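S.K.: What follows is a structure written as structure tokens; I'll ask about it next.
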Amino acid sequence: MPLPPEDLRTVLAPVDLVWARPERPAARKLVEAAARGELARVVGFVGRTDAPQVLADRVARRLEDQMRLGGPIKDPVGWLIGLALPQRQRCGDVRCDDRVLLGSRQDCPRCAEQQADRRDQCRAVAAAVDAAMPHASENERRTATEQQLHQDVTAQGWIREHRWAQVRERQAAAAQARAEAAAGQPANDAPAAPMPPVVLPAPHPFVATDLVGGDDQEQELVLEDLTREQVRAWRVQGLKDHSVVFDHIDQYCETSARRLFSNQLVDEAQRLAGTHNLVLGHTAWGQA
């Protein structure tokens, strides 16, 4: 079995079998280049001495996640370059890697704030729905909460993208002004056109409907970015390991977990763990 280059043996040791699978030397060269590039970035955070082991720990975590949630690796080169090696920055902190700070290995405070904000948003929306629909059934209120959360997240995404577009336009204008100044050409004195106000997509009106076919049926609202096969895979993992369900609740809130794993699975996991109604403690949905 071919060994990784000496400067990458510590980094690729957790995935040496995956690295050795490509038969063409050119494919392994691609992985080596990606590993060296990522190693150079990690050096900037933790120093040359600790960087190989820090990157090796990251690769080992990704392999464990893949085996636990994704199954066998079908494309070793693509998996190593696209999933195993790159930093996963979950927030605006450049040190964030899977919600842990590079160098200190402490929990990322910005990610913790974002998770707290998501939970607060879920609680606030659920409380507003409870107040607006006091005589509705549990399923009707839960559906209304899911739709309102989806509309809020969509609106926030549009606002965030609009702000980034403004930043990019200002940066481009500044770069052009510097280039023109360096070339000795006067910049155009015409005032820049004002940025148009952000226009958000109109939310769809909510129509309360009963959930058809029980909790186990696939629904169109289930985490729209996932395919049906991915939803089924997540549910299988949730059945095997309830910590997957609780990790999702902690990261996104209970409503999102119910959309992904189904009400029946979340209820079962909470019953076995003795934590039922602790996450959405403000509401009495379970008693409706």
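S.K.: With respect to the numbered conditions (1) in a helix (DSSP H, G or I); (2) touching a residue at least 24 places away in the same chain (Cβ under 8 Å); (3) closer than 30 Å to Gly157 by Cβ, which one is the sole condition not fulfilled by Gly82?
M.R.: (2)
S.K.: From the list Val77, Val167, Val100, which residue is of a type in the set (Val, Ile, Thr) and within 22 Å of the chain's Cα centre (by Cα)?
M.R.: Details: Val77 fails: within 22 Å of the chain's Cα centre (by Cα); Val167 fails: within 22 Å of the chain's Cα centre (by Cα).
One residue alone meets the criteria, Val100.
S.K.: Has the stretch 92-104 got any residue that is assigned to a helix (DSSP H, G or I) and of a type in the set (A, V, I, L, M)?
M.R.: Step one: filter the stretch 92-104 for residues assigned to a helix (DSSP H, G or I), giving none.
Among the residues of the stretch 92-104, not one is assigned to a helix (DSSP H, G or I) and of a type in the set (A, V, I, L, M), which makes the answer no.
S.K.: Within the stretch 42-65, does at least one residue satisfy the condition of being under 18 Å from Leu12 (Cβ atoms) and either assigned by TED's automatic domain parsing to the domain that holds Glu254 or touching a residue at least 60 places away in the same chain (Cβ under 8 Å) (or both)?
M.R.: The answer is yes, given that some residue of the stretch 42-65 is under 18 Å from Leu12 (Cβ atoms) and either assigned by TED's automatic domain parsing to the domain that holds Glu254 or touching a residue at least 60 places away in the same chain (Cβ under 8 Å) (or both).
S.K.: Those residues that are over 22 Å from Arg36 (Cα atoms) and loosely packed, with under 13 Cβ neighbours inside 10 Å, I need them from the stretch 69-91; list them, please.
M.R.: Within the stretch 69-91, Gly71, Pro72, Lys74 qualify.
S.K.: Hey, another quick one. Output the number of the condition that Glu6 fails; it satisfies all remaining conditions of (1) surrounded by 14 or more Cβ atoms within 10 Å (Cβ to Cβ); (2) out of contact with any helix residue (DSSP H, G or I) (no Cβ under 7 Å at 6 or more places or on another chain).
M.R.: Here Glu6 clears every test but (1).
S.K.: Residue check: is Val279 in the same structural domain as Glu140 (by TED's automatic domain parsing), modelled with pLDDT of 65 or more and of a type in the set (A, V, I, L, M)?
M.R.: On the way: in the same structural domain as Glu140 (by TED's automatic domain parsing): yes; modelled with pLDDT of 65 or more: no; of a type in the set (A, V, I, L, M): yes.
Answer is no for this residue.
S.K.: Here are some residues: Val94, Val129, Val125, Val153. Which one is surrounded by 12 or more Cβ atoms within 10 Å (Cβ to Cβ) and assigned by TED's automatic domain parsing to the domain that holds Ala56?
M.R.: Result: Val94 is the single residue among Val94, Val129, Val125, Val153 that is surrounded by 12 or more Cβ atoms within 10 Å (Cβ to Cβ) and assigned by TED's automatic domain parsing to the domain that holds Ala56.
S.K.: Hey, another quick one. What about Leu12, is it closer than 23 Å to Val100 by Cα, modelled with pLDDT of 95 or more, within 24 Å of the chain's Cα centre (by Cα) and not hydroxyl-bearing (Ser, Thr, Tyr)? Reasoning before the result, please.
M.R.: On the way: closer than 23 Å to Val100 by Cα: yes; modelled with pLDDT of 95 or more: yes; within 24 Å of the chain's Cα centre (by Cα): no; not hydroxyl-bearing (Ser, Thr, Tyr): yes.
No, not satisfied.
The values are calculated or read from the model by the stated rules, or taken from the named source; none is laboratory data. Nothing here was measured: the structure is a model prediction, and the numbers come from that model. All Cβ positions, glycine included, derive from the backbone under ideal geometry; neighbour counts span all protein chains shown.
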